[in-house]
Amino acid sequence: MAPYIGTATSRIDGIAKVTGAAKYAAEFNVPGLLHGSVVTSTIAKGRITRLDTSAAMRVKGVIDVLTHENRPPMADNDQAYKDDVAPPGSPFRPLYDDKIKFNLQPIALVVAETSEVARFAASLVTVEYEEVAHVTDIFAARDAAVPIKPPASPVGFTPPKARGQPNRALARAAVRHEGEYYVPIEHHNPMELYGATVIHESDGKLTVYDKTQGVQNVQRYLCGVFGMKPEGVRVLSPFVGGAFGSGLRPQFEAVLAVLAARALERSVRVVLTRPQMYALGYRPAMVQRIALGADADGTLDAIAHDAVTATSQFEEYFRQETGWSGLLYKCANAKYEHKLARLDLPTSCDMRAPSAPTALFALESAMDELAVALELDPLELRLRCYSERDQNHDRPFSSKALRECYRQGAEAFGWNKRNGAPRSMRDGSELVGWGMATGIWEALQMPITVRIALTANGSAEVACATSDIGTGTYTIMAQVAADMLGLPLENISIKLGDSTLPNSPVEGGSWIAASVSNGIATTVAAVRNELLELAKKVPNSPLANAAPDEVKLADGMIVDERDGSRSVSIADAMRHGGVERIEQEETTNPTADDSRARNTHSAVFAEVKIDEEIGVIRVTRVVSAIAGGRVLNTKTASSQILGSVVWGIGMALHEETLIDHKLGRVMNANIAEYHVPVNADVHDIKVIFVHEHDDSNPLGVKGLGEIGIIGVAPAIANAVYHATGKRVRDLPITLDKLHP
Amino acid sequence: MAIYLRPASLKAALSTLAQASGKGRSAHPLTVLAGGTDIYPTRAGKQAWLESFPRDFLDITQIPQLRGIRRDGRAILIGAATTWTDIVAARLPPAFDALKQAALQIGGLQIQNRGTLGGNIVNASPAADGVPPLLALDAEVDIASVRGERSVPLASFIRGNRQTGLARDELVVAIRLPGHRASSRSLFLKLGARSHLVISIVSVAMLLDQGADGTIADIRITVGAASAVPTRLAALEAELRGERLDASLIERVTPGLFSVLTPLDDVRASSHYRRAAARILVRRALANFMEPQVEEVAA
């Protein structure tokens, strides 16, 4: 049997998805299901003075309108609302009181017999407010921004410690570059709208189908908010139509649906509209200043990286915004500062590779500008500043094949044919620009528990409470289990997305592939050990003297690895032992060894063709070379990188949440006017996975969900500079920014 | 709850409109609904502001004579409820190429299957992509009510941003294209912030008729999204009419001839950029007509 790991295995859930058999949170039906429509605030800050629901209540088919005034009891302390990944602060409480903290905040839920009636009646709710002055502009809040506090836990995020004498190094540098860079707020727009279907079971228990990246996180959170017993709430999320970080924290659709189900003792569904999705989190706007100092030979001698990012008035969301620049390049002198600007918006949140695409837009644009100042090829500058160590923590990397990314990416792209002078390359009437940038992300692994049940007929069920947010988790779990159990792929069934399954962290941080694959390996070892014990009891067992680590499972057999002729079939071993089913559940913890840094890397090369007169930019080619450890599935992995690159194109050219700061409200809260690339904006994208061996975990997996977006926007911005001679330091690079 | 009427004949539709827009008990404004591709997003936008959208609808999609394209003497009549997809599929002379090119760039295919030409002009968006090609075709709007029928030039029918000369009891029945030479060619150019599915930053429609002697017998140039109403560039047309169609003409497309435009500064682009882009698109459209004509050869 050929191994599955490392092959281009098609998704095992693919047919279910394209035929509609795969059900999403808002697609589960029960008789008598009620529908909730959310009413949202139209001011950014203040309090509700009057909320009139009488007209809505009079509409035929309306069951109830829930507000802060008539809702059932909810917890009255912050701790109850803290989910597994909550930032410091006081979490938002939906329908809790009369206070308005952001525009589009949910303030009422109209529950009706049909979604149409609910939505109509929701438009009849009238609200009066006492308004208070708000601020939604990061530039207006910038001066009042305060440095982030050092985190309580060692895994928290904080700017790295300064090293060397950065001020002096900058002052004496032969070549200096300093610039300010800006990335606007970007909002999550996954295909699937946030929705929850809460089934009120006959025994009063709740079954909650929710769109989430962490069913157990939602389950614990709901228990906290409503004071429910864990056995009274089961949360499921078998399929997720994209989440990208927006579903790491429990969102308010689940709270509102549970609230209504408890108040009415009925089953209730709540689905947000696309505009209401703009009341969830977002990638924070980021204003950065970077100063680089280099010797004339292109050796980096000083980095100063300051960032201001946006958060809400009530929570402090941030990641390691400035830390990336200390990690990526060799530089003896460095200093960092990270401040938070508080805005009257919802709390910002994780979005694909949180902090890295924005931070590296600044750093990699600045490196390109430094290369121009040094009259050095931008790739050559990266190689001269290549770091073999994580200087933030003064430790080596567990593996770092970035040099190979540069080499293979440059070769595939044809980088050596680049004429370095801006405006020097043309294709007919179009200017051609070639730019490159580097990407870096974390390779994390989290504690996880996996249960495997093997039956004598040679089929196995693998269960874990992780999610598959569309990345292909179902498939890689089946591949790993099939290889390790020595069974055909079709004999493996995967159970996930159910809070009653063995423990899993939220699916985020690119850590699930490494966590769950190694988790499967651990549990398979336990299954194998149990099988070996049974095999030894078979009369005249050829494995009588074999030790557990000397046997493997292959082709339905327990096989002595030293002598393949010595084997016992799994079916025989189980039959002899009178065992129909073997079930093992094991928890796998990542290595506690933090003497090495664990990261993925990328080199991104981009070609743009620009209509010089009107500034229309086409990203005609992107080559993304990835060092991400072992690739479990080349097909789903490539898809992750392709999708990331497309998003990077959007970040560079299209995406921008536009806020009317007078109203404190998003102006383009829909996917017609919040631009992401359309198919016609996407051209040739080539993904390369370079070989990278990493022994941080037995399978050598690092995770690939996020690395692909990092570096794409600066590679494009650098290509735009190369094409036009014009440096755009604020994203997105719209047509008029290139116009004289 | 809202009223939703779907008459099967034009006569019934007009009498309903007359009743609804009269005085007295049966009076209630009716919103005419065809493809719904403008009404639906408007409604969603209102709802996000907690504003109800208490409209009563008159759905005209079941009235057969409102949909389709036919000849009326020398004129071509396009029914008000004719979809963009209908227009793309129709056999029409080259003078209509601009209209077809616009049709193909209005939303995605699903929108093109629903959205109608009549809706596009009645909605009267400054950025309506259907309007510049129609203005270049000297389109007229056929309007009917129980009081009778009338026909007005499209250029005077659209009076401003979202404003038309349609009375409450009137219905746009068809768009009348009064005549064109078989030799007329046309072109539509659209500029947006992405390649497709985007509201125009600026758009240009050009219709050109070249005489046997190579001079420009007729030229009509319209710029969309750069004024409250898509605007014909009459001064530029006069400048070019009668001239030989050659490369030297491009230099005659000078900024001063665009002073009639009043572009806005908004989130899509600056007014400065819009003005410059309009001129560049017009020059490109003109240059396009200078390229040698390629006959289509059957494979």
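Right, A:LEU193: under 27 Å from the mean Cα position of the chain (by Cα), within 14 Å of chain B (Cβ to nearest Cβ) and of a type in the set (A, V, I, L, M) or not? In short, yes. Being more than 23 Å from A:ASP295 (Cβ to Cβ), among the small types (Gly, Ala, Ser) and open to solvent by less than 10 Å² (accessible area, probe 1.4 Å): is that true of A:GLY428 here? The answer is no for A:GLY428. Evaluation of A:LEU51 against the conditions (1) out of contact with any Ser or Thr (no Cβ under 9 Å at 6 or more places or on another chain); (2) within 14 Å of chain B (Cβ to nearest Cβ) shows that the sole unmet condition is (1).
Figure legend. Inter-residue proximity from region A:216-237: first residues in the same structural domain as A:ASP78 (by TED's automatic domain parsing) and surrounded by 24 or more Cβ atoms within 10 Å (Cβ to Cβ), second residues at pLDDT 95 or above and in a helix (DSSP H, G or I), beta-carbon distance below 6 Å, spacing 6+ or different chains. Indicated pairs: A:VAL218/A:ALA254; A:LEU222/A:VAL258; A:VAL235/A:VAL215; A:VAL235/A:VAL218; A:VAL235/A:GLN219; A:SER237/A:VAL215.
In summary, helices (runs of 4 or more DSSP H) completely within region A:1-86 and bearing 3 or more residues that are over 27 Å from A:GLY227 (Cα atoms) occur at A:14-19, A:54-58. Picking from residues in region A:457-473 that are part of a loop (DSSP other than H, G, I, E, B), within 25 Å of A:LYS211 (Cβ to Cβ) and of a type outside the set (Val, Ile, Thr), the one that is farthest from the chain's Cα centre (by Cα) is A:CYS464.
Within region A:57-69, residues that are without any contact (Cβ under 8 Å) to a residue 60 or more places away in the chain and more than 20 Å from A:VAL258 (Cα to Cα) have Cβ atoms under 8 Å from residues that are open to solvent by 80 Å² or more (accessible area, probe 1.4 Å) and in a strand (DSSP E or B) in no pair, counting only partners at least 6 apart in sequence or on another chain.
Being open to solvent by less than 10 Å² (accessible area, probe 1.4 Å), touching a residue at least 40 places away in the same chain (Cβ under 8 Å) and closer than 29 Å to A:GLY615 by Cα is not true of A:GLY420.
A search for C-beta distances below 8 Å between a residue of region A:541-570 that is under 13 Å from A:ARG528 (Cα atoms) and any residue that is surrounded by fewer than 13 Cβ atoms within 10 Å (Cβ to Cβ) and of a type outside the set (Lys, Arg), counting only pairs 6+ apart in sequence or on different chains, returns A:GLU550/A:GLU561; A:VAL551/A:GLU561; A:LYS552/A:GLU561; A:ALA554/A:MET1. Region A:101-172 holds helices (runs of 4 or more DSSP H) entirely within its bounds, and those carrying 3 or more residues that are touching a strand residue (DSSP E or B) at 6+ places or on another chain (Cβ under 6 Å), closer than 19 Å to A:THR322 by Cβ and open to solvent by less than 60 Å² (accessible area, probe 1.4 Å) map to A:166-172.
Would you confirm, using the coordinates I've provided, whether B:LEU109 is surrounded by fewer than 21 Cβ atoms within 10 Å (Cβ to Cβ) and touching a residue at least 12 places away in the same chain (Cβ under 8 Å)? Considered against the rule, which asks whether it is surrounded by fewer than 21 Cβ atoms within 10 Å (Cβ to Cβ) and touching a residue at least 12 places away in the same chain (Cβ under 8 Å), B:LEU109 comes out as yes. Quick check on region A:123-134. Is at least one of its residues modelled with pLDDT of 95 or more, under 20 Å from A:THR197 (Cα atoms) and within 11 Å of chain B (Cβ to nearest Cβ)? No: zero hits. For region A:646-674, the tally of residues that are more than 9 Å from every other protein chain (Cβ to nearest Cβ), in contact (Cβ under 8 Å) with a residue 60 or more places away in the chain, part of a helix (DSSP H, G or I) and of a type in the set (A, V, I, L, M) stands at 3.
Please work out if A:ALA672 is aliphatic (A, V, I, L, M), farther than 30 Å from A:LYS635 by Cα and open to solvent by 50 Å² or more (accessible area, probe 1.4 Å). Yes, satisfied. For region A:613-628, which positions are surrounded by fewer than 24 Cβ atoms within 10 Å (Cβ to Cβ) and among the β-branched types (Val, Ile, Thr)? Result: A:ILE614, A:VAL616, A:THR620.
Please determine whether any residue of region B:157-169 is in contact with a helix residue (DSSP H, G or I) (Cβ under 8 Å, 6 or more places away or on another chain), among the aromatic types (Phe, Trp, Tyr) and part of a strand (DSSP E or B). Checking region B:157-169: not a single residue is in contact with a helix residue (DSSP H, G or I) (Cβ under 8 Å, 6 or more places away or on another chain), among the aromatic types (Phe, Trp, Tyr) and part of a strand (DSSP E or B).
You will find that of A:PRO714, A:PRO732, A:PRO677, the residue that is open to solvent by less than 20 Å² (accessible area, probe 1.4 Å) and within 14 Å of another protein chain (Cβ to nearest Cβ) is A:PRO732 and no other. Within region A:291-320, being hydroxyl-bearing (Ser, Thr, Tyr) and open to solvent by 40 Å² or more (accessible area, probe 1.4 Å) holds for one residue alone: A:THR299.
In region A:600-612, is there at least one residue being open to solvent by 20 Å² or more (accessible area, probe 1.4 Å), more than 29 Å from A:ASP390 (Cα to Cα), within 11 Å of another protein chain (Cβ to nearest Cβ) and not in a loop (DSSP other than H, G, I, E, B)? Yes, that holds for at least one residue.
Pairs are defined by a Cβ separation below 7 Å, a sequence spacing of at least 6 or placement on different chains, a first member in region B:239-260 that is more than 14 Å from B:ILE221 (Cβ to Cβ) and assigned by TED's automatic domain parsing to the domain that holds B:MET206, and a second member that is open to solvent by less than 60 Å² (accessible area, probe 1.4 Å) and not in a helix (DSSP H, G or I); the pairs so defined are B:GLY242/B:THR215; B:GLY242/B:ILE216; B:ARG244/B:GLY214; B:ARG244/B:THR215.
For the condition under 23 Å from the mean Cα position of the chain (by Cα), of a type outside the set (S, T, N, Q) and open to solvent by 30 Å² or more (accessible area, probe 1.4 Å), A:LYS686 qualifies. In summary, helices (runs of 4 or more DSSP H) completely within region B:1-93 and bearing 2 or more residues that are surrounded by 13 or more Cβ atoms within 10 Å (Cβ to Cβ), in the same structural domain as B:ILE106 (by TED's automatic domain parsing) and at pLDDT 95 or above occur at B:84-89.
If the condition is being open to solvent by 10 Å² or more (accessible area, probe 1.4 Å), modelled with pLDDT of 95 or more and of a type in the set (Asp, Glu), then region A:353-409 contributes A:GLU369, A:GLU375, A:ASP377, A:GLU380, A:GLU388, A:GLU404.
For region B:255-269, the candidate set comprises residues that are open to solvent by less than 60 Å² (accessible area, probe 1.4 Å) and away from every other protein chain (no Cβ under 14 Å); within that set, the residue that is nearest to A:MET667 (Cα to Cα) is B:LEU261. For A:ALA680, work out the one condition from (1) without any contact (Cβ under 8 Å) to a residue 60 or more places away in the chain; (2) part of a loop (DSSP other than H, G, I, E, B) it doesn't fulfil. That leaves (2) as the condition not met. Please go through region A:574-592 and pick out each residue that is in contact (Cβ under 8 Å) with a residue 12 or more places away in the chain and either open to solvent by 50 Å² or more (accessible area, probe 1.4 Å) or under 27 Å from A:TYR386 (Cα atoms) (or both). A:ARG575, A:HIS576, A:GLU580, A:ARG581, A:GLU583, A:GLU585, A:GLU586, A:THR587, A:ASN589, A:THR591 - these are the residues of region A:574-592 that are in contact (Cβ under 8 Å) with a residue 12 or more places away in the chain and either open to solvent by 50 Å² or more (accessible area, probe 1.4 Å) or under 27 Å from A:TYR386 (Cα atoms) (or both).
The values are calculated or read from the model by the stated rules, or taken from the named source; none is laboratory data. Here the structure is a predicted model, which means the values were calculated and not measured. Cβ: placed from backbone, ideal geometry, glycine included. Neighbour counts: every protein chain shown. All accessible areas refer to the heavy atoms of the entire protein, side chains included, with ligands and DNA or RNA removed. Shrake-Rupley method; radii C 1.70, N 1.55, O 1.52, S 1.80 Å.
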